Amino acid sequence: MSCLCAMALVNTANAQVTFGPIAGLNVSNYTITGTNIALGSPALGTASFTLNTTTKIGGRFGAVVNIPLNEHFYLQPGVLYVMNGFKQSFLGLIELKAHINTAEVPVNLFYKFGDGDNKPFFIGAGPYFAYNVVGGMKVNINPALSSTVSSVTNTKLDIGSDSTDFVKAFDCGFGVNAGYQLAMGLFVNAHYQFGLTNLIPIDINGYSIKNHNYGISIGYMIGSKATKKTSSKTTIKSKHK
């Protein structure tokens, strides 16, 4: 019985929940597709199209929690603020830059490679749930196109479920991750996410807008074993004094 109790105490000590901040780079884009009536005539059928947007660089920051499930697997929920968006150019005459800032809750299942305390490499995957908070669009018009129109216009993008809104508020999708963590708690994480929700508020000719992004972040896990060892040594030294 005493052996079982000792093993349980060891497992509890090893299964230490850690948490910490994370921040990094987010490169995002939106896939915009739809179906138009060919040449404006229903008799000629329909034609599908994809709007060729380009990526926009933003940031992502927040906090994550590591919850060990066993020696190798752990659950990592988090709360992040993510800056998404896209760019679009029309013949070099009109350039659009859209941003949609999002509050996001990812829930990933991670696997750490290695034995004992030496498990620096990790991979993981899981869903994310997001709420689009605020959006805006900057329109740059080439002066050669029109001298009577302002060259720069900033417009708010409405978010909601009305026909006048640009995107829905709620979004969800799936993401994959890979990274490396030092014993001291410092880690680097690369991610890729793709949205599963059609963000168009209402069905318009089969239009669809879906988010996808990738990037790299750094963070620091508070409560890691190296941090605990350092704090315990400091405590012992202070007691001896």
Of all the residues that make up region 13-43, how many are among the β-branched types (V, I, T) and modelled with pLDDT of 95 or more?
2
I need the full set of residues from region 167-198 which are in contact (Cβ under 8 Å) with a residue 60 or more places away in the chain and either assigned to a loop (DSSP other than H, G, I, E, B) or in contact with a Lys or Arg (Cβ under 7 Å, 6 or more places away or on another chain) (or both), in order please.
L182, A183, G185
In region 209-241, residues that are at pLDDT below 90, over 14 Å from F187 (Cβ atoms) and either among the basic types (K, R) or crowded, with 17+ Cβ neighbours inside 10 Å (or both) total 6
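Every residue, every condition in (1) over 30 Å from I141 (Cβ atoms); (2) touching a Lys or Arg at 6+ places or on another chain (Cβ under 9 Å); (3) not charged (D, E, K, R), yes or no:
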residue: F73; (1), (2), (3): yes, yes, yes
residue: V79; (1), (2), (3): yes, no, yes
residue: N84; (1), (2), (3): no, yes, yes
residue: Q88; (1), (2), (3): no, yes, yes
residue: I94; (1), (2), (3): no, no, yes
residue: A98; (1), (2), (3): no, yes, yes
residue: E104; (1), (2), (3): yes, yes, no
residue: F110; (1), (2), (3): yes, no, yes
residue: G114; (1), (2), (3): yes, no, yes
How many residues are closer than 19 Å to F129 by Cβ and of a type in the set (A, V, I, L, M) when one looks only at region 180-197?
1
Pairs, first under 19 Å from M221 (Cβ atoms) and buried (at least 16 other Cβ atoms within 10 Å of the Cβ) in region 93-121, second β-branched (V, I, T) and at pLDDT 90 or above, C-beta under 9 Å, six or more apart
P106/V64; P106/V79; N108/V64; N108/V176; F110/I123; K112/I123
The one condition T46 fails out of (1) surrounded by 12 or more Cβ atoms within 10 Å (Cβ to Cβ); (2) under 33 Å from the mean Cα position of the chain (by Cα); (3) at pLDDT below 85 is (2)
Restricting attention to region 132-154, does a residue exist that is buried (at least 16 other Cβ atoms within 10 Å of the Cβ) and at pLDDT 95 or above?
yes
As an exercise: evaluate F122 against (1) within 25 Å of G59 (Cβ to Cβ); (2) modelled with pLDDT under 95 and give the number of the one condition it does not meet.
(2)
What do you reckon, is L182 modelled with pLDDT of 90 or more and over 17 Å from H99 (Cβ atoms)?
yes
Kindly evaluate L51 against the criterion of being of a type outside the set (G, A, S), modelled with pLDDT under 90, touching a helix residue (DSSP H, G or I) at 6+ places or on another chain (Cβ under 8 Å) and more than 28 Å from P120 (Cβ to Cβ).
no
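The values are calculated or read from the model by the stated rules, or taken from the named source; none is laboratory data. A quick note: this is a predicted structure, and the numbers were derived from the prediction, not measured. We place every Cβ from the backbone using ideal geometry, glycine too, and count neighbours over all the protein chains shown.
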